[in-house]
1. For the condition over 23 Å from A:Lys56 (Cα atoms), more than 16 Å from the chain's Cα centre (by Cα) and either within 8 Å of chain A (Cβ to nearest Cβ) or at pLDDT 95 or above (or both), what is the one hit in B:Ser199, B:Ser205, B:Ser195?
2. Inspect all residues belonging to region B:295-305 and state whether any of them is surrounded by fewer than 22 Cβ atoms within 10 Å (Cβ to Cβ), in contact with a strand residue (DSSP E or B) (Cβ under 6 Å, 6 or more places away or on another chain) and without any contact (Cβ under 8 Å) to a residue 40 or more places away in the chain.
3. For residues that are at pLDDT 95 or above, in a loop (DSSP other than H, G, I, E, B) and within 21 Å of the chain's Cα centre (by Cα), tally how many sit in region B:280-298.
4. What about B:Ile94, is it under 28 Å from B:Phe412 (Cβ atoms), in contact with a strand residue (DSSP E or B) (Cβ under 6 Å, 6 or more places away or on another chain) and either part of a helix (DSSP H, G or I) or more than 10 Å from chain A (Cβ to nearest Cβ) (or both)?
5. Of the residues B:Leu254, B:Leu275, B:Leu324, only one is buried (at least 20 other Cβ atoms within 10 Å of the Cβ), at negative phi and not in a loop (DSSP other than H, G, I, E, B); which?
6. Mind listing just one residue for me: the one in region B:110-131 that is farther than 10 Å from B:Tyr328 by Cα and β-branched (Val, Ile, Thr) and, of those, surrounded by the most Cβ atoms within 10 Å (Cβ to Cβ)?
7. Test each condition in (1) surrounded by fewer than 20 Cβ atoms within 10 Å (Cβ to Cβ); (2) within 13 Å of chain A (Cβ to nearest Cβ); (3) part of a helix (DSSP H, G or I) for B:Leu8 and report the one that comes out false.
8. Among the residues of region A:355-362, are any within 14 Å of chain B (Cβ to nearest Cβ) and crowded, with 20+ Cβ neighbours inside 10 Å?
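The values are calculated or read from the model by the stated rules, or taken from the named source; none is laboratory data. Since the structure is predicted, the reported quantities are computational estimates derived from the model, not experimental observations. Ideal geometry is used to build each Cβ from the backbone, glycine not excepted, and the neighbour counts take in all protein chains shown.
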2 protein chains.
Amino acid sequence: MLTDFYQLTMTYGYWKKNIHNKEACFNVFFRERPFKSGYAVFCGLEYVIDFLKNLKFTDDDLKYLKKLKTGNNKKIFDDEFLKFLKSFKFKCDIDAVEEGRLVFPNEPIFRVKGPLYQCQLIESAIVNILNFQTLIATKACRMNVVSSGDPIFEFGLRRAQGIDGALAASRASYIGGCSSTSNVLAGKIFNIPVSGTHSHSWILSHDSEIEAFRSFSEVMPDNCILLVDTYDTLKGVEKAIEVGRELKKINKKLLGIRIDSGDLSYLSKKSRKLLDKNGFEDVKIIASNDIDEFILSSLKQQKSKVTVWGIGTRLVTAYDNPSLGLVYKLSAIKENKSWIKKIKLSEQKIKINNPGILQVHRYIHEGKYDGDMIVDELIKNPNSTMIHPHDSTKVKRFSKNIKHIKLLVRIFRNGKPVYKNPSILKIKKLLSSELDKIDNSIKRLHNPHLYKVGLEKKLYHEKNDMILNLRKL
Amino acid sequence: MLTDFYQLTMTYGYWKKNIHNKEACFNVFFRERPFKSGYAVFCGLEYVIDFLKNLKFTDDDLKYLKKLKTGNNKKIFDDEFLKFLKSFKFKCDIDAVEEGRLVFPNEPIFRVKGPLYQCQLIESAIVNILNFQTLIATKACRMNVVSSGDPIFEFGLRRAQGIDGALAASRASYIGGCSSTSNVLAGKIFNIPVSGTHSHSWILSHDSEIEAFRSFSEVMPDNCILLVDTYDTLKGVEKAIEVGRELKKINKKLLGIRIDSGDLSYLSKKSRKLLDKNGFEDVKIIASNDIDEFILSSLKQQKSKVTVWGIGTRLVTAYDNPSLGLVYKLSAIKENKSWIKKIKLSEQKIKINNPGILQVHRYIHEGKYDGDMIVDELIKNPNSTMIHPHDSTKVKRFSKNIKHIKLLVRIFRNGKPVYKNPSILKIKKLLSSELDKIDNSIKRLHNPHLYKVGLEKKLYHEKNDMILNLRKL
């Protein structure tokens with residue numbers, strides 16, 4: 001039922017016309033680089049698999065659908081159709097990129113093949129899940145690339161877009177490279193380390209700042225990070241040092257101080273000096289306050305002394321680009337046992353989809369990724385040359401001895417899951433090894449070098465011919 | 001468990017120090033106008049009530065917390081504390097604005113009074129829910145104010161931030177003035193009308209556009225809206241007219257056409273002419289394609305012939321301002337049976353909270369809202385003058401015969417719900433009557449007139465004194 005209503009009216013139509021079981025192929029892809037990033041991080045597959053495993057219409061759902069009426073008070077769906085929905089059994093084949101892999105515009109990252117109506121019914125949820133998690137994993141990855149080893153704590157729960165907006169964002173952020181989440185439920189569900197110590201209200205609940213610090217160090221001697229900016233940051237640091245000394249006496253350690261406001265460059269440097277002067281060289285400085293990858297990069301350039309970053313709003317809402325714009329397009333449909341390729345025209349060339357049963361070949365040259373070629377599995381003997389999807393003057397030929405991997409792997413066959421979900425740590429590791437395989441210029445924040453993605457030559461020309469033919473030119 | 005980890009470490013600390021049952025008061029408010037809007041629409045209360053009704057720690061939760069370790073491998077929580085959590089019973093008093101009411105920066109919109117640790121444990125979820133739903137209801141309201149009567153269909157499911165990001169957005173959008181959602185699950189759960197007909201893939205699944213239209217009109221003769229832009233919009237309209245004629249012959253009606261790409265001003269006018277010329281004056285023109293309130297307003301000014309608007313991404317993600325920045329601040333704490341007022345200092349005056357047990361008096365003059373005065377219930381005989389929170393030169397006095405309502409109403413008492421949730425339709429109606437009570441200049445998209453919100457005079461001066469005192473000036 002997590003679907004757009006038109007999927008149901010179309011399903012009803014297909015069923016009425018008895019074409020619902022025609023086999024179709026749909027591909028998921030995005031057209032534009034989120035955050036103008038040189039890469040994106042595929043994420044959300046495990047959620048989608050869970051969703052598809054549990055797909056069904058309950059009696060309650062059918063009761064709801066039964067009472068839906070048109071504007072002129074006629075039933076929208078007839079009982080026979082509701083019976084058909086009740087007998088729904090998922091039958092599709094799914095192929096997808098593995099979570100943690102780098103992906104790029106225009107290439108299929110998820111493919112559904114199966115009865116036309118089933119492909120439609122699952123569209124909305126699949127796009128919702130992959131759209132959001134891929135977006136956030138990408139954002140997190142960009143931040144972690146810039147922090148270059150400094151841990152980033154995600155604490156976006158309160159500012160996320162809804163409850164699952166928070167949970168899914170915690171998962172995607174961790175995959176994207178963050179070290180922990182503040183969200184306890186996310187920690188529990190996804191097996192992500194949780195972190196956090198105290199807020200300003202802890203300080204305000206005590207008679208003085210020093211008393212609040214001391215009290216916290218007593219109850220959390222092994223996890224003592226003190227928030228120093230409730231009244232005056234640098235005076236707060238001095239008090240934290242005092243408590244740090246007391247901890248030393250009982251063989252415990254002040255782990256860090258946190259600054260949540262003010263000029264993070266200036267305050268972190270001043271704090272570092274104070275701490276070092278007093279023998280607290282290993283106390284970490286944690287900073288937060290509307291940080292994103294650009295501010296983080298600027299603070300790094302200013303040689304701020306922040307060593308751990310706390311990021312919330314701008315990460316979990318992907319503040320400057322809050323939707324990836326993922327689409328799900330029909331690319332082929334079977335008629336009389338043979339596939340008919342499909343494209344939707346548009347005034348904007350970038351909006352025209354690629355036809356066929358698509359797959360991506362990622363070429364690897366001396367351990368580095370050399371380019372992604374979108375191929376149509378229906379085209380025999382594919383060419384070793386690819387052409388830029390929207391610019392026929394950009395051509396790349398792969399020499400024959402270059403190996404490639406296929407990006408889309410088997411996830412479901414005939415409605416049954418055939419893929420073993422890797423652990424979340426394994427996904428993190430995959431991403432980290434992926435990042436090693438692309439040039440640093442692709443990871444730049446501004447004007448990144450663009451990784452090459454093209455259409456296999458025959459596919460390119462076939463698509464071009466289809467467009468001209470449809471336009472009757 | 002839907003909470004930030006530091007709420008748990010603080011709760012542990014309060015409990016260890018045996019101050020967890022001290023009574024505290026926290027207020028929820030936002031500081032900056034979302035979308036630079038002249039108003040916001042309070043939304044999310046019903047979700048929060050549901051959350052609070054079901055608050056508890058399961059055995060599974062406690063098992064998870066039990067195994068959490070510090071960096072040096074010590075248990076974070078001791079067993080005694082976990083037992084304490086197991087016995088958790090919600091005890092707070094909650095007062096809140098009713099859903100659908102207009103709210104403004106700085107004023108408390110939700111207030112929690114109760115045991116300190118309970119106030120903290122529920123903070124993150126409350127802020128998450130209210131932050132998002134208030135944001136989206138506000139965005140939807142702005143769009144509906146501009147559409148001035150034209151229905152807006154929300155269809156953001158696929159681009160929303162997660163599953164609940166979609167569901168909660170559908171609810172908030174409907175409250176904000178939208179007519180329907182595409183999300184079937186949201187329709188079912190929240191009792192919102194659902195709408196939708198078919199997508200481009202319906203067209204592509206047939207041999208030709210006209211065949212696809214005809215086929216749809218046959219299966220949905222009472223709900224026939226045709227998407228005309230798969231190949232060429234105006235040719236599509238001509239084919240829709242053909243099918244419209246066929247429907248007329250069997251005493252049915254073509255309800256509308258939908259345009260999802262291209263220049264919506266130009267195409268809607270051309271389409272209108274074609275439709276009218278052929279006797280289809282009452283066929284609606286539905287438009288979609290990354291519309292927000294500014295594009296909608298521009299299309300209205302261009303006298304586009306769109307009569308129904310389909311809005312997705314930019315509504316459900318609040319694209320240009322994806323977080324409201326709601327905060328939850330301690331404002332008073334009870335010591336020896338008397339309330340001690342609390343503020344947190346900050347370099348930025350706007351970030352300093354208001355102290356006390358806050359309430360809002362909304363003054364009504366000749367049926368219109370005349371200003372909101374933030375009062376502290378601890379201050380006896382409040383003044384009838386209010387002062388702008390951040391500008392002492394802006395003063396407003398209410399004459400004695402002006403009535404006011406109290407914005408915060410009773411929701412929970414001693415942990416028990418005492419508020420009856422209104423139906424979603426009643427919430428919509430409340431918003432609509434609220435909009436009638438403010439001047440049109442406040443509803444402007446650009447540079448709206450600012451509705452007056454101030455601190456009751458005694459509260460203002462008390463706060464000022466507290467700041468100076470804390471700064472030792």
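1. Numbers: B:Ser199 fails: over 23 Å from A:Lys56 (Cα atoms); B:Ser195 fails: over 23 Å from A:Lys56 (Cα atoms).
Only one candidate passes the filter, namely B:Ser205.
2. Start the filter on region B:295-305 by keeping residues that are surrounded by fewer than 22 Cβ atoms within 10 Å (Cβ to Cβ), which leaves B:295, B:297-305.
After this cut, where a residue has to be in contact with a strand residue (DSSP E or B) (Cβ under 6 Å, 6 or more places away or on another chain) as well, the list is B:305.
Pick out the ones that are also without any contact (Cβ under 8 Å) to a residue 40 or more places away in the chain and you get B:305.
The answer is yes; a qualifying residue exists.
3. Initial filter on region B:280-298 (at pLDDT 95 or above): B:280-287, B:291-298.
Next cut, in a loop (DSSP other than H, G, I, E, B) only: B:280-283, B:291-292.
Among the residues that remain, those that are also within 21 Å of the chain's Cα centre (by Cα) are: B:291-292.
Looking only at that region, the number is 2.
4. On the way: under 28 Å from B:Phe412 (Cβ atoms): yes; in contact with a strand residue (DSSP E or B) (Cβ under 6 Å, 6 or more places away or on another chain): yes; either part of a helix (DSSP H, G or I) or more than 10 Å from chain A (Cβ to nearest Cβ) (or both): yes.
Taking the combined requirement at face value, the residue satisfies it.
5. Working: B:Leu254 fails: not in a loop (DSSP other than H, G, I, E, B); B:Leu324 fails: not in a loop (DSSP other than H, G, I, E, B).
The conditions single out B:Leu275.
6. Once the filter is applied, the top-ranked residue is B:Ile129.
7. Going through (1) surrounded by fewer than 20 Cβ atoms within 10 Å (Cβ to Cβ); (2) within 13 Å of chain A (Cβ to nearest Cβ); (3) part of a helix (DSSP H, G or I) one by one, B:Leu8 breaks only (1).
8. yes
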